[in-house]
Amino acid sequence: MDALIEEIKKKLSSNVVFEEETPKFSDASYKPFKISKNNFHKIEKAGSSKKLAFIDGGNSEILKAADFSLNLIRVYCSIYKANKKIKSKKYEFYSLVYAEGKDEIFYKAKLFSENKEILPDEKDLSFSSFDESLKTGIHRINISMIANVIRRFSELRMAKNIIEELDNEDILVLDGSLQSSTTNEDGYLNELFEKALEKNILVSALSKTCSIMTEKGNSLISVLGALKAQGRWNYSPVAEINSLKHQAEMFFVKLHEKSRHIFRFEVYKKQKHRIDETLSLIAENSNDPVFLGYPYGLIEADRFARVSNKEMDYFKTKLVLRLGSMADRLNEHLNVRNAHEILDKLS
């Protein structure tokens, strides 16, 4: 243990000249800029009455087997003006993902909801079980992962639809990024961008986590924090992005002077000229001591989009009762995967 502690101390106390570092991207379409203290820009006080619409989603698996996965998916939006909530919307639906195929196994999905407004198109929900955008390592994709993709598509569809309820120059704030990382996702992002330009609504996204590192192997967020910029700020430019899969301008932001958190923030690249007004408004929404420096609208969206374990137990019990005599057949599927859960309970 002593050797481990010493190694951690050595890593934390290394004398790195951070301004000589550069962000590292594996994709050649990203051209990074060298880190510089001159790239910190103060976020001024908001002098705007534009509305902010925050969107997030959540999902939880009710039933899982090797060949199917049943999830409850929930998407939530809250709209704020002058830091007061003026409207909110919540949608939820079920997704049943199942395996199908002969020569190659595909995962497909059926969606169940009384309200079809934010549902993605089922034709976009067919994925090879070895889809390169979802696969990690050499193994077949875990079927449970598909629900996360469906939730993301639903968030983007909701964002597009909520534009109709916003006014000229209002602002959308998504949880996550504006990068298309999975099969068919770019279609939903492009629809959103097109609608946003038509109605002059700015599209942005804030990521809770960021794994970008520098060429020397340091966390980019840690490097920016070590430069000790004061007050509320945005850091840019980070990189020139020339990718149709990522039509964004990237920033890093500290949204409250007393916050210890730095976040990755993006805007649709055709709207980057509005960054100062946008960050001013979002910073004004980031004063809640519950999570200082994080937009309260996203805190709320996260809370109301989450699906609790108690809710899952209720839905699972209700489903099993409705299945009647078929419940035993269902258990045959579930028993293929529940050995690990039994061992967890025994521990």
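The values are calculated or read from the model by the stated rules, or taken from the named source; none is laboratory data. Fair warning: this is a prediction, and the values are worked out from it, not measured in the lab. Quick reminder, even Gly has a Cβ in these numbers, built from the backbone with ideal geometry, and neighbours come from all protein chains shown.
Listed values, structure above:
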| item | result |
| --- | --- |
| Criterion: of a type in the set (Asp, Glu), touching a helix residue (DSSP H, G or I) at 6+ places or on another chain (Cβ under 9 Å) and without any contact (Cβ under 8 Å) to a residue 40 or more places away in the chain - qualifying residue of ASP313, ASP288 | ASP288 |
| Inter-residue pairs, beta-carbon under 7 Å, first more than 28 Å from ILE141 (Cβ to Cβ) and in the same structural domain as ARG274 (by TED's automatic domain parsing) and in region 182-199, second of a type outside the set (Asp, Glu) and surrounded by fewer than 18 Cβ atoms within 10 Å (Cβ to Cβ), 6+ apart | LEU197/LYS270 |
| Count of region 200-219 residues which are polar (S, T, N, Q), farther than 13 Å from PHE265 by Cα and in contact (Cβ under 8 Å) with a residue 40 or more places away in the chain | 2 |
| Boolean, SER26 is polar (S, T, N, Q) and exposed (fewer than 13 other Cβ atoms within 10 Å of the Cβ) | yes |
| Top-ranked residue of region 128-167 - restricted to ones that are farther than 20 Å from GLU104 by Cβ and assigned to a loop (DSSP other than H, G, I, E, B), ranked as nearest to the chain's Cα centre (by Cα) | LEU166 |
| Residues being of a type in the set (A, V, I, L, M, F, W, C) and either within 16 Å of ASN59 (Cα to Cα) or not assigned by TED's automatic domain parsing to the domain that holds LYS116 (or both) - total across region 127-163 | 9 |
| Only one of LEU172, LEU206 that is in a strand (DSSP E or B) and over 30 Å from ASP131 (Cα atoms) | LEU172 |
| Some residue of region 188-201 being closer than 18 Å to GLU92 by Cα and either of a type outside the set (S, T, N, Q) or modelled with pLDDT of 95 or more (or both) | no |
| Conditions (1) at positive phi; (2) under 24 Å from the mean Cα position of the chain (by Cα): number failed by ALA82 | (2) |
| Residue in region 51-61 that is exposed (fewer than 15 other Cβ atoms within 10 Å of the Cβ) and part of a strand (DSSP E or B) present | no |
| Pairs where the first residue, in region 107-123, is at pLDDT below 95 and surrounded by 12 or more Cβ atoms within 10 Å (Cβ to Cβ) and the second is among the aliphatic types (A, V, I, L, M) and not in a strand (DSSP E or B), C-beta under 7 Å, 6+ apart | SER113/LEU119; ILE118/MET158 |
| Only one of LYS208, LYS216 that is within 28 Å of GLU284 (Cα to Cα), in contact with an Asp or Glu (Cβ under 8 Å, 6 or more places away or on another chain) and of a type in the set (Lys, Arg) | LYS208 |
| Leading residue by the ranking (nearest to ALA301 (Cα to Cα)) among those in region 215-248 that are out of contact with any helix residue (DSSP H, G or I) (no Cβ under 6 Å at 6 or more places or on another chain), in a strand (DSSP E or B) and not charged (D, E, K, R) | TRP233 |
| Qualifying residue in region 26-45 (condition: within 23 Å of GLY176 (Cβ to Cβ), in a strand (DSSP E or B) and in contact with a Gly (Cβ under 7 Å, 6 or more places away or on another chain)) | no |
